[in-house]
Amino acid sequence: MYRFRPPKLHVGCGDKKLPGWINLDLQLIPGGPDVVMDVTQGLYFSNVKAIYAEHFLEHLPILSALEFLRQCNEILGDDGALRLSTPNLDWVWLTHYNLLEGKDAKAKMAVNINRAFNGWEHMFLWNREFLVRAMEACGLQGFTWHTYGNSDREVFKNLEKHDTYPDTEELPHILVVEASRGEAQPEALEALKHELWRDYLNHMKA
């Protein structure tokens, strides 16, 4: 187990290394991670002060995403916090498709919305409601919502580096949420997994 005290984890860092953080990624790339690891197979840390994952969750298969969230809750210290940012499904839907457009525009929108869903190795796009349900099922609590670079916690201020798109306060293009550690909810998590198998994963079989 890594013995940093107290550790701050930057998950899925790519080449955007954060000073003072333990930068984690699946691939060893120039300017990238301090530790190469698949976080869906285990987060071998404890008493973690902060976990930060920018545009990471959407790249995980849904069950791997749930396991990642469960592990985040498990390793956070009592005063620790998680900050996630991920594309907002509501924004993607409302800005990429309009039934009232003409046929040429709708043909182009068909390509654009599929790119938003499936491009950049996206696996699952989240809306606020489902993200909250998943995080609650994984034990997380105390949700607060933020804009790009802003936080009430000093540790999370001005961290975002991803490209931005035009949005509004009512319809942000990314969801940025912070949460703290709560009690594990194994029954709620199993119920959510069961629903996902029934309503989604069972239909994804080859």
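The values are calculated or read from the model by the stated rules, or taken from the named source; none is laboratory data. All values derive from a computational prediction rather than experimental measurement. Cβ sites come from the backbone with ideal geometry, for glycine too, and all protein chains shown count toward neighbours. The protein model used for the area step is the full one, side chains on, heavy atoms only, and it has no ligands, DNA or RNA in it. Shrake-Rupley method; radii C 1.70, N 1.55, O 1.52, S 1.80 Å.
So the values come out like this:
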| quantity | calculated |
| --- | --- |
| Accessible area in square angstrom per residue, the chain, 1.4 angstrom probe | 56 |
| Rg(Cα) / (2.2 N^0.38 Å) computed for the chain, rounded to two decimals | 1.06 |
| Cα convex hull volume per residue for region 2-76 (Å³) | 78 |
| Sequence-distant residues sharing a close amide H with residue 76 (under 5 Å, placed H) | 48 |
| Solvent exposure ordering (accessible area, 1.4 Å, most first) of 198, 133 | 198, 133 |
| Residue-span extension gain [residue 34 to residue 164] - 0.36 nm each, minus C-alpha spacing | 44.2 nm |
| With all protein chains modelled, accessible area of residue 167 [1.4 Å, Å²] | 70 |
| Beta bridges per DSSP with both ends in the chain, % antiparallel, nearest 5 | 40 |
| Order of exposure, largest accessible area first, which applies to 165, 148 with probe 1.4 Å | 165, 148 |
| Gained length - residue 198 relative to residue 144, 0.36 nm times residue gap less alpha-carbon distance | 16.4 nm |
| Karplus-derived HN-Hα couplings along region 36-41 (A = 6.51, B = -1.76, C = 1.60, θ = phi - 60°), whole Hz, x at Gly and Pro | 8, 7, 9, 5, 6, 9 |
| Accessible surface of the chain, 1.4 Å probe, proportion on carbon and sulfur as whole % | 52 |
| C-alpha long axis of helix 186-199 to longest principal axis of the chain, angle in ° | 30 |
| Charge dipole magnitude, Cβ of K and R +1, D and E -1 - region 61-206, Cα centre, debye nearest 20 | 600 |
| Options 158, 112, 61, ranked by Cα towards positive dipole end of region 56-173, top entry (Cβ charges) | 112 |
